[in-house]
Structures are given as structure tokens and as C-alpha cells.
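Input: a single structure, listed below in C-alpha cells.
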Amino acid sequence: MDGRRIEVLKSLEGFVGDRIPELTLKEDEYWQPSDYLPDMSQPDAREQIEQLQEQARGLSDDLMVVLIGDMITEEALPSYSMWITQLHGFDKNGEPNNSWGDWLRKWTAEENRHGDLLNKYLYLTGRVNMRAVEITIQNLLADGGDVGTGIDPYKSFTYTSFQEIATRISHSNVAIQARKAGDLSLTKMCGKIASDENRHAKAYKLFFSKCLELDPDGALLAFYDMMRQKITMPAMYMREKGKELGETFKHFAVVAERSEIYTPKDYADILDHLLKDWDIEHLKGLGNKAEAAQEYLCKLPERYRKVAERFAGRGRLPVEEYTFSWLEMAAAEPEPVAG
Ligand SMILES: [Fe+2]
Ligand SMILES: [Fe+2]
């Protein structure tokens, strides 16, 4: 691996340390899953659960599937933390004892609440086959994933910048649709999670912008490589019990698209946003290869938009229905026959 990357990350340790306070929540600003869930220690806990279930009844099956898939993605957090620990410039005997490690731990601690909150909420709705969902989580953690960054920090920061925005969009759209369906508790939960994702996107965009400043050719070519291979979702290998690697993910992505929670148009919009945020168009003094990459990248959102428009709502999505085991309820135990 290019020693330049290690040098760049090392030189940014002070900068990152200075910015962490504004990029993470302080202890008295922490929100916790229990702020949004029924308080089981209260005498009216049963009524609180009934109220939650009443609101959740109005959510469509598609919305439930997207929410469950989002929750499973969040629950595979240990994989993502492990991956970031291994990045060049982060790895100091496996436990980075520098600003990068500080960021990684604080980011992990914030992310950990997302899966926790959605998992508990979904359990309480009574609409989910939790065992089937839990198997999918275990499979995803066991199978891992390959997001194509290797241990390259530049590639990883473009990936995480993209992903944090993608998850912000997904959680925000779930919040909007939950509001329309009358579930105000879920609206608040997803809105809160989306605000974390937004702040995390800000952090990764900032880290990458510093890499661009210090090593423009190297960083730009890394961004180019990531966009050439396309940004895949971290839960790309998602599978239910008995399914092939990634099979469930494909169906989940179809539902996310047809319910307009995350679509190809969002992909183009995110790329466009990143190009503007990093002012890629106006980077000067690049080498030949990086200049060609700059030109390619600047035209890419338009190309994706055209493809998205061409396929919008027709032909792309399979017509046949897929049944997710997540929503298949186990048959209730039969009542014992009297006498
Ligand atoms: Fe998250
Ligand atoms: Fe995130």
C-alpha cells in the first residue's frame, strides 16, 4: 500500500482530534433507544405497547420490509467497525490509539444505537417474525461483505461519505412514509437516526476533503476507482435462512426502490452532491490520469440520471411477488382442548 496514505492520515491526526467534538454528540446530548420506546418499568407499560402496536398496524408490508432490511444493515455494525479498524493509518496493533481510533470508537458507539432502537421497535410491533430476522442478522455478520475499498483509507472515506448519505435518505424517507401512515413514534425514531447519519456524512466528507487537499491525485483516483466499480450496499450479502448469498438483499433492494425509499435517482443525486461538496470540477494542477478521472466523474451524475429516468417505474422491477420470511408469522399454538 502507498506509504503516502499513511503519511497523510498521520498528518491529519491533530485536525481530526480538533474536529471530533463538533462531529459527535456530547454525553448530555446523547439520545438513547429507551427515549423512544415504551417504558417497561411503568404500570402503564401494557397500554404503551398497545399504542405502539396500534400505530404500527397502518404501515404497509413494503415499508415494514424496508425498515427490517435497514435494521439488519445497522445490526451488522461489528463488521463495519472491524473493516475501518484495518484501514491504513488506523492500524496500531489492532487498537488505534490516536484521533482516528477516537473517531472510530465514538462513531461506533453512535451507530450502535440505530440497530438497537429499530430492533426493539420491530419486536414490539408484533408484526415481525423475529427469529427469521435474527437468522438474517447472524448470516450477514457471518458472511461479511466486500465493499471494494480494501484497506485504502481514501477509497473508504468516499465509500462511507456515500453510504452515510444513502442511509440518511433511507431513514428519512421511512420517517416521511411512517408519518403518512400515522405512526408518529416511528417517524421520530427514524428522524433521529437520520440526523446521526447526516452528521456522520459531514465527518467523512470532511476527512476526504482533507485527503484531497494533501494528495489530490491519489485521492481523486481513489474516488474514481470507487465510482467505476459502483458503490454497493454494506448488506449486499443479506440472506434469509436457506437462501443464496445476497438473494434476500436483491429482493429488499427491489422493495426499497418500488416504495421510493431508495432509488437509482438517489444514487445519482448523492454522487452529484459529493462532486459539488468536494468541488471536484475546479481541482487544479492534477496529473494526466487524475485529470481524465476528473472529467469522467463530473459527467457521471448526468449519465446515471438518464438511465434512472429511462427505467423509472417500468421493466426494471420483477412483477412476481416475493415473500420475506421476516413477515411470515409462526402459527399460534392451538388452544388446548378442554376435557
Ligand atoms: Fe446507522
Ligand atoms: Fe451511519
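Here the helices (runs of 4 or more DSSP H) wholly within segment 46-143 that include at least 3 residues being modelled with pLDDT of 95 or more are 61-75, 99-125, 130-143.
One residue stands out in segment 171-196 among those that are in contact (Cβ under 8 Å) with a residue 60 or more places away in the chain and within 23 Å of P301 (Cα to Cα): the one that is nearest to ligand 1 (Cβ to nearest atom), namely H171.
Out of D70, D35, D39, one residue alone is within 16 Å of ligand 1 (Cβ to nearest atom) and either of a type outside the set (G, A, S) or closer than 30 Å to M238 by Cα (or both). It is D70. When you go through S259, S209 one by one, which is the residue that is of a type outside the set (A, V, I, L, M) and farther than 23 Å from F157 by Cβ? Exactly one of S259, S209 is of a type outside the set (A, V, I, L, M) and farther than 23 Å from F157 by Cβ, namely S259. Restricting the first member to segment 12-31 and to residues that are of a type in the set (D, E), and the second to residues that are in a helix (DSSP H, G or I), the beta-carbon pairs closer than 7 Å and six or more apart or on different chains are E13/S99; E13/W100. Regarding segment 30-46, can at least one residue be identified that is open to solvent by less than 60 Å² (accessible area, probe 1.4 Å) and either out of contact with any helix residue (DSSP H, G or I) (no Cβ under 9 Å at 6 or more places or on another chain) or closer than 17 Å to T160 by Cβ (or both)? Taking every residue of segment 30-46 in turn, at least one turns out to be open to solvent by less than 60 Å² (accessible area, probe 1.4 Å) and either out of contact with any helix residue (DSSP H, G or I) (no Cβ under 9 Å at 6 or more places or on another chain) or closer than 17 Å to T160 by Cβ (or both). None of D143, D116, D152 is touching a residue at least 60 places away in the same chain (Cβ under 8 Å), among the acidic types (D, E) and within 16 Å of ligand 1 (Cβ to nearest atom) except D116. Of the residues screened, F207 is one that is within 16 Å of ligand 2 (Cβ to nearest atom) and in contact with a helix residue (DSSP H, G or I) (Cβ under 6 Å, 6 or more places away or on another chain).
Answer with yes or no whether D215 is open to solvent by less than 40 Å² (accessible area, probe 1.4 Å) and either away from ligand 1 (no atom under 16 Å from the Cβ) or at pLDDT 95 or above (or both). When the stated conditions are applied, D215 passes them. Of all residues in segment 152-164, none satisfies being away from ligand 2 (no atom under 15 Å from the Cβ), closer than 21 Å to W83 by Cα and surrounded by fewer than 18 Cβ atoms within 10 Å (Cβ to Cβ).
The values are calculated or read from the model by the stated rules, or taken from the named source; none is laboratory data. Everything numeric here is computed off the predicted structure, so don't read it as measured data. FYI the Cβ positions are ideal-geometry reconstructions off the backbone, even for glycines, and counts take in every protein chain you see. SASA here: full protein model, heavy atoms, side chains in, ligands and nucleic acids out. Shrake-Rupley method; radii C 1.70, N 1.55, O 1.52, S 1.80 Å.
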